[in-house]
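The structure appears right after this line, and notes come after that.
The values are calculated or read from the model by the stated rules, or taken from the named source; none is laboratory data. What you see is a predicted model, and the numbers here were worked out from it, not measured in a lab. Quick reminder, even Gly has a Cβ in these numbers, built from the backbone with ideal geometry, and neighbours come from all protein chains shown.
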Amino acid sequence: MTPEIFALCAFAAALELDTTYALQLTFSRGIIAAPLMALLTGDIVAGIQVGVFTELLFADISPLGGILPPSAVVCAAVSLALNALGIELYFAFFFGVVGAILFSLVERLMRKSRFKRLVFWEQQIIKNPNAVNRAVLLALVTSFLMNFILIFIFTWLCGSFMLWLLPHIPAQAHMACRFAYMTVPWIGLATLVPAFRLKTR
Amino acid sequence: MKLSMRFKIFLRSFFLQTGWNYMKYQNLGLTFVMLPFLKETYKDDRDALPSVLQRYLEIFNTQPVMASFCFGALAKQEEAVAHAESLTKFKEKVTEWSSIKKGLSITTASIGDRLFWGTLKPLTLLISLFALLMLGVNFFEPVLPASVPLVYALFAGGLAFCVFNAIALFVKWEGIKISYNADENSCFGLTRFDWNKTIYNAKRFGIVLAVGMLLFGVYHYLKDFENIDVHFVTRAAIVLFCVIVSFVTRKLRIPNMYLYLATVVVLNLVCYL
């Protein structure tokens, strides 16, 4: 793990806060986050491609109500980090998508676990209204730390596994993953056409 | 409402979803956003604050951008609650406040989800993708050019960022003022904008862009191949198959990411066999 990867994970954890917990200024969108993260790894081309592919692949899931879409930031961060470690982008992206799905599952558990602390914080706020500021700050800090730990551990595990596996991967697997990677923008665009239909379901 | 107070609410509204939970959703966020206003309103009656905060800590959930309409309307109604002349009036106003909170949060969530997440987000993505293609970055190809100027990447992302946020921040900032000054006859200022027409026009524009983008992709695909060989046919067959399957999986409400993962597995099996 190089310092760049470490910084990338920290930056991704901060960007991930934009998805739900702070700002919602769309910094966490794939097309914005991935090129920004690519500044750390130095591969702008990979950043553009991963950003576009991530956005298109996740375009069919919106954060409506309690729906938790897979994290574009996690997908882009894992893909770019693995790519920076020397793993081909079509393999890295696969792990990025898996990471984004797993992250949303863990995030759901984290939100559920917040029930227990909620009653405590409500009591504190009623006693002292300024406690709400502390509650918000604490929620931000813990979310950032959890994001960082999850992204870092997943990247480290996948990176170690792939670096060990890479010399043993047959040419067929390279070809299959490259073809699957190539279909991503087409699948995404094919979904966007019905997404804009005027009659809602 | 004073400009400084509006600005405080506006700034704090960026943290509406901090502390989001499955029990009461944005209740902590709403309390955080409204706290400066409540302190100002009840500055002469600090003892009333705990019971006021209890109301704000009840369940609340809406779309974060459109939530500004709730803030303004709730602030206006809170003033009516604070200045109620009798206990009966006070109870009446509190009941009205609760109805506004519940009703307006549902209405704004519905509009916001359709406008911002359902229309504006994919629309700005398409605008950004068109910008990339115009700059000569053909993202349909698995192998991109060896180097792309940094400014291209930042321009495409920046375009999506600016278009989305210009609208979102305008609605966020103006929503507080409009809903504070409007009454319930105009649905707290929501009727000032023709949301349905805006969404309809944006979707019409979006569908033109999406179809145009698909055609652009097909054009780029055909342009790069001089002869129709095995490679051309294989790629075309895989892409076409995945696109057709994506229409089916959409009907079955299976997200695209699972389709991609399944494609990886299936293609690996096919390659081995």
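Checked against the criterion of being in contact (Cβ under 8 Å) with a residue 24 or more places away in the chain and either surrounded by fewer than 19 Cβ atoms within 10 Å (Cβ to Cβ) or at the interface with chain A (Cβ under 10 Å from one of its Cβ atoms) (or both), the candidates B:Leu132, B:Leu150 yield just one match: B:Leu132.
Output the residues belonging to the stretch B:244-273 that are within 8 Å of chain A (Cβ to nearest Cβ), in a helix (DSSP H, G or I) and under 23 Å from A:Ala72 (Cα atoms). If the condition is that a residue be within 8 Å of chain A (Cβ to nearest Cβ), in a helix (DSSP H, G or I) and under 23 Å from A:Ala72 (Cα atoms), then B:Ser246, B:Phe247, B:Arg250, B:Asn256, B:Met257, B:Leu259, B:Tyr260, B:Leu261, B:Thr263, B:Val264 are the ones that fit. Each residue in the stretch A:23-56 was checked for being facing chain B (nearest Cβ under 8 Å) and among the acidic types (Asp, Glu), and 1 of them qualify. Sort out which residues of the stretch A:53-83 are within 25 Å of B:Leu129 (Cα to Cα) and surrounded by fewer than 22 Cβ atoms within 10 Å (Cβ to Cβ), and write them in order of number. Correct list: A:Ile61, A:Ser62, A:Pro63, A:Leu64, A:Leu68, A:Pro69.
Conditions tested, residue by residue: (1) of a type in the set (A, V, I, L, M); (2) facing chain B (nearest Cβ under 10 Å); (3) over 30 Å from B:Val211 (Cα atoms).
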| position | (1), (2), (3) |
| --- | --- |
| A:Leu138 | yes, yes, yes |
| A:Phe144 | no, no, yes |
| A:Phe148 | no, no, yes |
| A:Phe152 | no, no, yes |
| A:Ser160 | no, no, yes |
| A:His174 | no, yes, yes |
| A:Leu189 | yes, yes, no |
| A:Val193 | yes, yes, no |
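In this entry, B:Lys197 is excluded by the filter for residues that are in a helix (DSSP H, G or I) and more than 20 Å from the chain's Cα centre (by Cα).
The one condition from (1) more than 8 Å from every other protein chain (Cβ to nearest Cβ); (2) surrounded by fewer than 16 Cβ atoms within 10 Å (Cβ to Cβ) that A:Arg197 does not meet is (1).
In the stretch B:13-37, the residue that is nearest to the other protein chains (Cβ to nearest Cβ) out of those that are buried (at least 20 other Cβ atoms within 10 Å of the Cβ) and over 25 Å from A:Arg108 (Cβ atoms) is B:Leu35. Among the numbered conditions (1) surrounded by fewer than 18 Cβ atoms within 10 Å (Cβ to Cβ); (2) at the interface with another protein chain (Cβ under 8 Å from one of its Cβ atoms); (3) at pLDDT 90 or above, the only one that A:Lys127 does not meet is (3). Scanning the stretch A:151-175 for residues that are more than 24 Å from the chain's Cα centre (by Cα) and small (Gly, Ala, Ser) gives A:Ala171, A:Ala173. The lone criterion from (1) more than 12 Å from the chain's Cα centre (by Cα); (2) among the aromatic types (Phe, Trp, Tyr); (3) more than 7 Å from chain B (Cβ to nearest Cβ); (4) farther than 20 Å from B:Leu159 by Cα left unmet by A:Phe11 is number (1).
Only a single item in (1) outside any helix (DSSP H, G or I); (2) crowded, with 17+ Cβ neighbours inside 10 Å is not met by B:Ala210, and it is number (1).
Taken over the stretch B:1-36, the criterion of being among the aromatic types (Phe, Trp, Tyr), without any contact (Cβ under 8 Å) to a residue 60 or more places away in the chain and closer than 16 Å to B:Lys172 by Cβ is satisfied by B:Phe7, B:Phe14, B:Phe15, B:Phe32.
Taking the stated definitions as given, is A:Pro170 within 13 Å of chain B (Cβ to nearest Cβ), of a type outside the set (Asp, Glu) and surrounded by 15 or more Cβ atoms within 10 Å (Cβ to Cβ)? No, not satisfied.
Taken over the stretch B:165-197, the criterion of being of a type in the set (S, T, N, Q) and buried (at least 16 other Cβ atoms within 10 Å of the Cβ) is satisfied by B:Asn165, B:Ser179.
Cβ-Cβ distances below 8 Å connect the following pairs, each with a first residue in the stretch B:206-226 that is at negative phi and at pLDDT below 85, a second residue that is of a type in the set (D, E, K, R) and in a helix (DSSP H, G or I), and a separation of six or more residues or different chains: B:Tyr221/B:Arg235. Filtering the stretch B:54-65 for residues that are more than 12 Å from chain A (Cβ to nearest Cβ) and over 18 Å from A:Leu118 (Cβ atoms) leaves an empty set. Remark: A:Gly99 matches the filter, which requires a residue to be among the small types (Gly, Ala, Ser) and crowded, with 22+ Cβ neighbours inside 10 Å.
This table checks each residue for (1) crowded, with 24+ Cβ neighbours inside 10 Å; (2) touching a strand residue (DSSP E or B) at 6+ places or on another chain (Cβ under 7 Å); (3) hydroxyl-bearing (Ser, Thr, Tyr); (4) on the phi > 0 side of the Ramachandran plot.
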{"residue": "B:Leu57", "(1), (2), (3), (4)": "no, no, no, no"}
{"residue": "B:Asn61", "(1), (2), (3), (4)": "no, yes, no, no"}
{"residue": "B:Val65", "(1), (2), (3), (4)": "yes, no, no, no"}
{"residue": "B:Ser68", "(1), (2), (3), (4)": "yes, no, yes, no"}
{"residue": "B:Ala73", "(1), (2), (3), (4)": "yes, no, no, no"}
{"residue": "B:Val81", "(1), (2), (3), (4)": "no, no, no, no"}
{"residue": "B:Thr88", "(1), (2), (3), (4)": "no, no, yes, no"}
{"residue": "B:Trp97", "(1), (2), (3), (4)": "no, no, no, no"}
